[in-house]
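Peer 1: One structure, as structure tokens, below. Some questions next.
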Amino acid sequence: MVKIAIDAMGGDFGPGPIVKGCVQALKKKLFTPILVGKKSEILPLLPKSYRDKILIVDTDDVISMSDAATDAVKRKESTIYKAIELVKNGEADGLVSAGHSGATMTLATLKLGRLQHVLRPALVTLMPTKTGRRSVVLDVGANVDSKPEHLVQFAVMGGCYAEDVLKIKDPSIGMLANGEEDSKGNDVTKAAHKMLKGYKGYKGNVEGSDIFNGSCDVITCDGFVGNLVLKAAEGVASTISILIKDYIRKSPVAITGALLMRKVFKLLKKQIDYSEIGGAPLIGIKGCVIVGHGKSDARAIENAIYQSINYVNTGVNEHIISRLGQLKEKEN
């Protein structure tokens, strides 16, 4: 049975939504959750019928959002350190954390290590598209400065993720640039573009709009650019939701229309709500680490757990090692 370590204290709202999300996931999936955090706070939140199904690793040190990411390396009694240790020692197959993302990524990279051939791990996010199928975007924050060879590996790893986890056969891969022409982009993307030419599924440069129109399955970019794209998309989605609600409240006709279109609004919310994704996998490391949003509610934690179970069961890491190994042989 898959075992998932969960940082029970890391989110902005404490252990409440994390424990609730864990219980909700147990109602639908067979797995062993290991909650890492303050037992005195976790236990009262657990329904009695679930207490024998959930393991608790008791520790009271929590890396706060104001702490430096590097602090986590020294604080061996912290929730995230102990959770990472569980994965490293084989006591857990995957990890879900809605805590300090920098600390989570730093510890995962240093303690778990990178997969064979991987130069740098990358953070993956899934974006909604008008086709209903989500696009894979990476890196969205693990690396603020990337070299061409890193972008190439992000593209390969993203392709493996799309194939194994999203079940997309022969995914198309694009390089995020300021135009589709070969001459577009900066020095890094231009060099990476040349290196990727001829790689299976690579279609060349793509623009920001291609992330959302469904024309490309995997979009590779530098972590600095990717994080800006992610935060901008979250901001736009939130603003649109607020504007729609505001306009509906001001118009009796709109209220009637909204009542008739409740199903449509529900489907739209599901497409743009980050809680429906759950979190971002840190791809390229040994093991499985899902980095959740600090503001994750129970639904987000539940989906992050599903995502971690799915990641572990697909064997995507072995696929990445094989594909990057083949690429390395061709280069030599």
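Peer 1: Provide a single number: the residues in segment 287-326 that are under 16 Å from Lys3 (Cβ atoms) and either without any contact (Cβ under 8 Å) to a residue 12 or more places away in the chain or in contact with a strand residue (DSSP E or B) (Cβ under 9 Å, 6 or more places away or on another chain) (or both).
Peer 2: Of the residues in segment 287-326, 11 are under 16 Å from Lys3 (Cβ atoms) and either without any contact (Cβ under 8 Å) to a residue 12 or more places away in the chain or in contact with a strand residue (DSSP E or B) (Cβ under 9 Å, 6 or more places away or on another chain) (or both).
Peer 1: Let me ask another. Just checking, how many residues over segment 166-192 are outside any loop (DSSP other than H, G, I, E, B) and either in contact with a Lys or Arg (Cβ under 8 Å, 6 or more places away or on another chain) or open to solvent by 10 Å² or more (accessible area, probe 1.4 Å) (or both)?
Peer 2: Of the residues in segment 166-192, 8 are outside any loop (DSSP other than H, G, I, E, B) and either in contact with a Lys or Arg (Cβ under 8 Å, 6 or more places away or on another chain) or open to solvent by 10 Å² or more (accessible area, probe 1.4 Å) (or both).
Peer 1: Look at Asp164 and say whether it is closer than 27 Å to Ala237 by Cα and under 19 Å from the mean Cα position of the chain (by Cα).
Peer 2: No; evaluated as a whole, the condition is false for this residue.
Peer 1: Next up: For segment 30-48: of the residues being surrounded by fewer than 16 Cβ atoms within 10 Å (Cβ to Cβ) and of a type in the set (Lys, Arg), which is modelled with the lowest pLDDT?
Peer 2: Here the residue is Lys48.
Peer 1: Could I ask something else about it? Condition first: of a type in the set (Lys, Arg) and open to solvent by less than 60 Å² (accessible area, probe 1.4 Å). Can you find one or more residues in segment 77-98 that meet it?
Peer 2: Restricting attention to segment 77-98, the residues satisfying the condition of being of a type in the set (Lys, Arg) are 82, 88.
If we keep only those that are open to solvent by less than 60 Å² (accessible area, probe 1.4 Å) as well, we get 82.
Yes: one or more hits.
Peer 1: Which residue is surrounded by the most Cβ atoms within 10 Å (Cβ to Cβ), if the candidates are limited to segment 155-165 and must be touching a strand residue (DSSP E or B) at 6+ places or on another chain (Cβ under 7 Å) and not hydroxyl-bearing (Ser, Thr, Tyr)?
Peer 2: This residue is Met157.
Peer 1: Quick check: anything in segment 246-257 outside any helix (DSSP H, G or I), more than 21 Å from Ile34 (Cβ to Cβ) and modelled with pLDDT under 95?
Peer 2: Taking segment 246-257 first, the residues outside any helix (DSSP H, G or I) are 251.
Subset that is more than 21 Å from Ile34 (Cβ to Cβ): 251.
Then drop every residue that is not modelled with pLDDT under 95, which leaves 251.
Checked against the condition, which is being outside any helix (DSSP H, G or I), more than 21 Å from Ile34 (Cβ to Cβ) and modelled with pLDDT under 95, segment 246-257 yields at least one hit.
Peer 1: Follow-up. Restricting attention to segment 38-55, which residues are among the hydrophobic types (A, V, I, L, M, F, W, C) and within 12 Å of Met9 (Cα to Cα)?
Peer 2: Ile42
Peer 1: Residue pairs, Cβ under 8 Å, 6 or more apart or interchain, first in segment 188-207 and in contact (Cβ under 8 Å) with a residue 60 or more places away in the chain, second outside any helix (DSSP H, G or I). List them.
Peer 2: Tyr199/Ile173
The values are calculated or read from the model by the stated rules, or taken from the named source; none is laboratory data. From a predicted model like this one, the values you see are computed outputs, not experimental measurements. Quick reminder, even Gly has a Cβ in these numbers, built from the backbone with ideal geometry, and neighbours come from all protein chains shown. We work out accessible area using only protein heavy atoms, side chains counted, and drop any ligands, DNA or RNA first. Shrake-Rupley method; radii C 1.70, N 1.55, O 1.52, S 1.80 Å.
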